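*Asks:* Got a structure for you, written out below as structure tokens; questions coming shortly.
Quick note: the coordinates plus some simple rules give every number you see, no bench work behind them. Only a predicted model underlies this, so the values are computations on that prediction, with no experimental measurement involved. Ideal geometry is used to build each Cβ from the backbone, glycine not excepted, and the neighbour counts take in all protein chains shown.
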Amino acid sequence: MSEKRVNVAVAGATGAVGNQMLASLAERNFPIRSLKLLASKKSVGRMIRFQGDLFPVEELKEDSFKGMDIALFSAGTGTSEYFAPFAAKDGCVVVDNSNAWRMDPDVPLVVPEVNAYAIKDYTSKGIIANPNCSTIQMVVALWPIHQKYKIKRVVVSTYQAVSGTGKKAIDELLDQTRAMINFLKIERNVYPHRIAFNCLPHIDKFQENGYTKEEIKMVRETKKIMGDDSIAVTATTVRVPVFYGHSESVNVETHEPISAEDVKALLKAASGVKVVDDPANNAYPMAIDAAGQDLTLVGRIRDDESIPNHGVNMWVVADNIRKGAATNAIQIAEMLIKDYI
Ligand code: NAP
Ligand code: 12T
């Protein structure tokens, strides 16, 4: 990284993603000149430690971004929708983690391993969108396959951790688990049903066509990031009682002939990917191994024998708060600094 240093604002600094943003900024030695922590009014008065110093949490306001260079947003869709344009107006580039701007044709939707070139389009609105966590890890694994074999169709089912919903959901799984093993009454606030010892085929809101918004995000975002509307994608997204790490069963059909052996070799050389695939030794990607690190783990790579020579199945796992949110956003910010601001 160059000597350039920047003024950084973190909007949503008290949340699950915001927390990881701060940890990752420190871990990666991000070139910070000054740091401003923003959250809602109710957090004003809190102090948060960053690299040994205490920083006050300030209320997010329209004029919070004066003099700032980069704002990392993870404070909810409505908050981003309203506040990101104020940051952009003051010359502060926004990297947004919410769903507010992802499908805006004037906002680049970026996963650095796939379409880093799109970052340059930030100049149009001053905003860059971070994709949905489930989309990010899937396209990291799909992109090398698409470049070589041209993907025709993807069928994905997800097994998503509760941390994707935020701090309250992490507490809910912990509280319900504790209550279950002590035969106490189960409280339920975040999800419509018990999540402890259960699976819910329901992430984000249901839409008129019977799909959830999370499923629709995966379809649309995948096409936008890979720059190819011809790829057919269909998704089923499921919440599972896991704290950190989303897992995905991904079935891929290609136009060009493909084999599991080729895909293993290809993904071993792919950036951001770690192939964990040694069934004889019970080695495959697991949420407990993906959590706490930044790579996307891919394994169980095998031929789909129902589409001879044109299909593979794989199991893709990543830390949804790191690569699925904070790490991806910070990678984008690092590229912005290096090449553009
Ligand atoms: P969380 O743990 O519930 O934290 C929410 C954060 O937003 C807190 O810092 C909260 O501040 C702040 N906030 C809420 N309303 C605000 C307001 N009106 N003004 C200022 N700050 C406000 O949630 P999270 O998991 O960190 O998620 C936060 C955001 O990140 C969401 O937009 C979510 O869509 C996005 N996200 C994206 C991905 C992804 O797929 N890339 C993954 C997870 C989350 P207080 O503590 O003061 O309330
Ligand atoms: N509902 O960023 O609940 O669009 O796991 C990310 C995670 C939305 C998003 C979740 C969600 C997003 C979740």
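*Asks:* For a quick check of your reading: which strands (runs of 3 or more DSSP E) sit entirely within region 10-60 and have at least 3 residues that are within 23 Å of the chain's Cα centre (by Cα) and away from ligand 2 (no atom under 16 Å from the Cβ)?
*Replies:* Numbers: elements: 32-39, 47-50, 53-59.
Qualifying strands (runs of 3 or more DSSP E): 32-39.
*Asks:* Quick one: is Ala87 more than 16 Å from ligand 2 (Cβ to nearest atom), among the aliphatic types (A, V, I, L, M), crowded, with 20+ Cβ neighbours inside 10 Å and part of a helix (DSSP H, G or I)? Spell out how you get there, then give the answer.
*Replies:* Working: more than 16 Å from ligand 2 (Cβ to nearest atom): yes; among the aliphatic types (A, V, I, L, M): yes; crowded, with 20+ Cβ neighbours inside 10 Å: yes; part of a helix (DSSP H, G or I): yes.
So Ala87 fits the description; yes.
*Asks:* Right, here's the next one. Just checking, which of Phe83, Phe73, Phe65, Phe55 is under 13 Å from Thr14 (Cβ atoms), within 16 Å of ligand 1 (Cβ to nearest atom) and of a type in the set (A, V, I, L, M, F, W, C)?
*Replies:* Being under 13 Å from Thr14 (Cβ atoms), within 16 Å of ligand 1 (Cβ to nearest atom) and of a type in the set (A, V, I, L, M, F, W, C) holds for just one of Phe83, Phe73, Phe65, Phe55, which is Phe55.
*Asks:* Here's another thing I want to ask about it. When you check Ile136 against the structure, is it more than 16 Å from ligand 1 (Cβ to nearest atom), touching a residue at least 60 places away in the same chain (Cβ under 8 Å), of a type in the set (A, V, I, L, M) and part of a helix (DSSP H, G or I), yes or no?
*Replies:* Details: more than 16 Å from ligand 1 (Cβ to nearest atom): no; touching a residue at least 60 places away in the same chain (Cβ under 8 Å): yes; of a type in the set (A, V, I, L, M): yes; part of a helix (DSSP H, G or I): yes.
The answer is no for Ile136.
*Asks:* Considering only residues that are over 11 Å from Glu248 (Cβ atoms), within 14 Å of ligand 2 (Cβ to nearest atom) and not small (Gly, Ala, Ser), which ones fall in region 137-169?
*Replies:* Those that are over 11 Å from Glu248 (Cβ atoms), within 14 Å of ligand 2 (Cβ to nearest atom) and not small (Gly, Ala, Ser): Val162, Thr165, Lys167, Lys168.
*Asks:* State the number of residues belonging to region 220-245 that are surrounded by fewer than 22 Cβ atoms within 10 Å (Cβ to Cβ), within 13 Å of ligand 2 (Cβ to nearest atom) and farther than 19 Å from Arg322 by Cβ.
*Replies:* Qualifying residue count, region 220-245: 2.
*Asks:* Another one. Can you report the number of residues in region 284-300 which are touching a helix residue (DSSP H, G or I) at 6+ places or on another chain (Cβ under 9 Å), touching a residue at least 24 places away in the same chain (Cβ under 8 Å) and surrounded by fewer than 24 Cβ atoms within 10 Å (Cβ to Cβ)?
*Replies:* 6
*Asks:* Oh, and also: Is there a residue in region 163-177 that is among the hydrophobic types (A, V, I, L, M, F, W, C), touching a strand residue (DSSP E or B) at 6+ places or on another chain (Cβ under 7 Å) and crowded, with 22+ Cβ neighbours inside 10 Å?
*Replies:* Looking only at region 163-177, we keep the residues that are among the hydrophobic types (A, V, I, L, M, F, W, C), and these are 169-170, 173-174.
If we keep only those that are touching a strand residue (DSSP E or B) at 6+ places or on another chain (Cβ under 7 Å) too, we end up with none.
No, the conditions are met nowhere in region 163-177.
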